[in-house]
Amino acid sequence: MELTLDNTPIFAYTGGKPFDRRLPVVVLIHGAGHDHSVWNYQARKLAHHGYAVLAPDLPGHGRSGGAPLAGIEALASWIETLLDAVGAPQAALAGHSMGSLVALQAAAQLQSRATKLLLIGCVAPMPVAAPLLEAARHDRRTAHLMINQWSYTPTSQLGESPVPGVSLTGLNIRLMERQREGVLATDLAACNAYQNGLEAARSIRVPTALICAERDQMTPRKAITPLQEALIDTPSGAHMISIKGAGHAMMAEAPDAVSDAIRGFLERA
């Protein structure tokens, strides 16, 4: 799906189905240095089970034009503009890693316009290690290798994949390489600078799920507690879902489990 926002061409993957705003809308927001393709499995499953899916390439990423936006709040406002552009009165928001911060902030800004919130691989604050920030600015190849090392489990590093013949780490390197110069550095700086996550979480009043991976080194389970506690006033509190055996790149390492977790939560009363 191709759109124009603020005179800038934007691409959003719709899961292989035409976007139909009469259906329940779900927005899938990618993480730092990535694009819509990290959601391929989940977008297809949701689109073929009755949802209108929007998995946008954020500005400056993938097939979208413009420059990458420098802050989480700006990205959250961009999501609201995207919903306006497609005529969606309400939407569920799901985000991974940096995208989870964008979803969190957007849900706080949208209030009742957001129907449900899914935070995948999320902690708040989300500090980024100084060596990774430095490498993203001056040595992208090293930054990509560091991200792969911390995002995938050892078995994936050795070549295991739920899709026969696909190297998950190799695929992720190619995905990050095809992003424009400066995109990863801008994204990681935005994550590192964002300090409004817990305040935003305290204002959320829609059903919320925290999806965490058992072997996540980037956003480990033990670091989620402050965010979970800040979401205490959401209906029934934040719902915790653990993805067994996966790392931070859980959508690729455990595509069916993540798809089932998202769909299952969306269909909860």
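Numbers below:
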item	result
Subset of region 170-184 that is open to solvent by 20 Å² or more (accessible area, probe 1.4 Å) and part of a helix (DSSP H, G or I) - its residue that is farthest from residue 65 (Cα to Cα)	170
Scope region 3-25; condition part of a strand (DSSP E or B) and more than 30 Å from residue 141 (Cβ to Cβ); matching residues	3, 4, 5, 25
Residue in region 255-263 that is among the charged types (D, E, K, R), free of Cβ contacts under 8 Å to residues at least 40 places away in the same chain and surrounded by fewer than 20 Cβ atoms within 10 Å (Cβ to Cβ) present	yes
Set 187, 216, 233: member being outside any helix (DSSP H, G or I) and open to solvent by less than 20 Å² (accessible area, probe 1.4 Å)	216
Some residue of region 21-28 being at pLDDT 95 or above, surrounded by fewer than 22 Cβ atoms within 10 Å (Cβ to Cβ), under 27 Å from residue 144 (Cβ atoms) and among the hydrophobic types (A, V, I, L, M, F, W, C)	no
Within region 109-132, tally of residues that are open to solvent by 10 Å² or more (accessible area, probe 1.4 Å) and within 15 Å of residue 27 (Cβ to Cβ)	5
Hits in region 190-213 (condition: part of a helix (DSSP H, G or I) and polar (S, T, N, Q))	192
Output for region 236-250, where each listed residue is open to solvent by 10 Å² or more (accessible area, probe 1.4 Å), among the aliphatic types (A, V, I, L, M) and under 21 Å from residue 166 (Cβ atoms)	249
Residue check, residue 140 among the charged types (D, E, K, R), over 21 Å from residue 213 (Cα atoms) and open to solvent by 60 Å² or more (accessible area, probe 1.4 Å)	no
For residue 148: the one exception among (1) open to solvent by less than 30 Å² (accessible area, probe 1.4 Å); (2) touching a residue at least 40 places away in the same chain (Cβ under 8 Å); (3) closer than 24 Å to residue 178 by Cβ	(2)
Long-range neighbours under 9 Å by Cβ, at least six apart or interchain, first residue aromatic (Phe, Trp, Tyr) within region 14-36, second open to solvent by 30 Å² or more (accessible area, probe 1.4 Å) and assigned to a loop (DSSP other than H, G, I, E, B)	19/1
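The values are calculated or read from the model by the stated rules, or taken from the named source; none is laboratory data. No experiment lies behind these values; they were computed from the predicted model shown. Here the Cβ is made from the backbone with ideal geometry for all residues, glycine too, and neighbour counts use every protein chain on show. All accessible areas refer to the heavy atoms of the entire protein, side chains included, with ligands and DNA or RNA removed. Shrake-Rupley method; radii C 1.70, N 1.55, O 1.52, S 1.80 Å.
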